[in-house]
Amino acid sequence: MSRGILSPFRATRYVASVDLIDVDELVAAGVRLVLLDRDNTCVPRDTHVAPPAVKAWLERLRSAGIATCMLSNNFHSGEVAASACELGCPVVDHAMKPAPFSAWVAMARMGVGPEQTIIVGDQVFTDVLAGNLAGVRTILVRPQSRRDLWYTQLFRLGEAVVLRGVEFEGETSATSGSSGGC
């Protein structure tokens, strides 16, 4: 019974970091669009600059013919636009995730349907829920930084419950168990 209650909060896949998502697997799965969260997914909250591994992964996506679009709840539009420019992604800011509208807008702009789209993010109650509500596959990654907004830190407590027992691809069992989903 709890499986049904938690299903909107379950990701399709769990991967330790964005750069560990296999681009060839995405191509084989028919993915044509990757919707990306900004804060702590592509850009650590404590540096505001995307790591080289994330930039290289995005280049591999583009080389494989997969489009990208950033969806960000961050209300600092200038910072979001700068990150999107740095990463070569169009952006939908003020996304209001978990509402699915920004995902629908991005898919319409890019001309791609939900069956060919995934959303990648670091938060269960925004990114994963938004993707599930929008009808797209979801990949949850670990946050790049422990620094978060105060209210996100509260949500992380709930995430720890939802993520209990979940193993992230690219992590050892000891690592995934010790972090408690944060």
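The values are calculated or read from the model by the stated rules, or taken from the named source; none is laboratory data. If you're wondering where the values come from, they're calculated on a predicted model, not measured in any experiment. Reconstructed Cβ throughout: ideal geometry from the backbone, glycine too, with neighbour counts over all protein chains shown.
Suppose we keep only residues that are in contact with a Gly (Cβ under 8 Å, 6 or more places away or on another chain) and not in a helix (DSSP H, G or I) within region 106-134. Which one would you say is modelled with the lowest pLDDT? Out of the qualifying residues, it is G121. Residues being within 16 Å of V141 (Cα to Cα), without any contact (Cβ under 8 Å) to a residue 24 or more places away in the chain and within 15 Å of the chain's Cα centre (by Cα) are entirely absent from region 53-61. Among the residues of region 119-134, those identified as closer than 16 Å to A16 by Cα and not small (G, A, S) are I119, V120, D122, Q123, V124, D127, V128. Scanning region 15-46 for residues that are among the basic types (K, R) and either in contact with a strand residue (DSSP E or B) (Cβ under 6 Å, 6 or more places away or on another chain) or without any contact (Cβ under 8 Å) to a residue 60 or more places away in the chain (or both) gives R38, R45.
Taking (1) surrounded by fewer than 22 Cβ atoms within 10 Å (Cβ to Cβ); (2) over 18 Å from V23 (Cα atoms); (3) within 15 Å of the chain's Cα centre (by Cα); (4) modelled with pLDDT of 90 or more in turn, R137 satisfies each apart from (2).
Looking at D39, is it under 30 Å from V161 (Cβ atoms), at pLDDT below 90 and acidic (D, E)? Judged against the criteria, D39 is a match. Taking region 28-54 as the range and being under 15 Å from V120 (Cα atoms) and β-branched (V, I, T) as the test, the residues that pass are V31, V34, T41, V43, V54. Find the residue count for region 50-69, including only residues that are under 14 Å from A84 (Cα atoms) and in contact with a Ser or Thr (Cβ under 7 Å, 6 or more places away or on another chain). Total satisfying the criteria: 2.
Please list, ordered by residue number, the helices (runs of 4 or more DSSP H) wholly in region 3-105 having 1 or more residues that are of a type in the set (V, I, T) and crowded, with 22+ Cβ neighbours inside 10 Å.
Working: elements: 23-28, 52-63, 77-87.
So the answer is 77-87.
Quick check: anything in region 163-180 at pLDDT below 75, of a type outside the set (D, E, K, R) and within 22 Å of H48 (Cα to Cα)? The answer is no; no qualifying residue exists.
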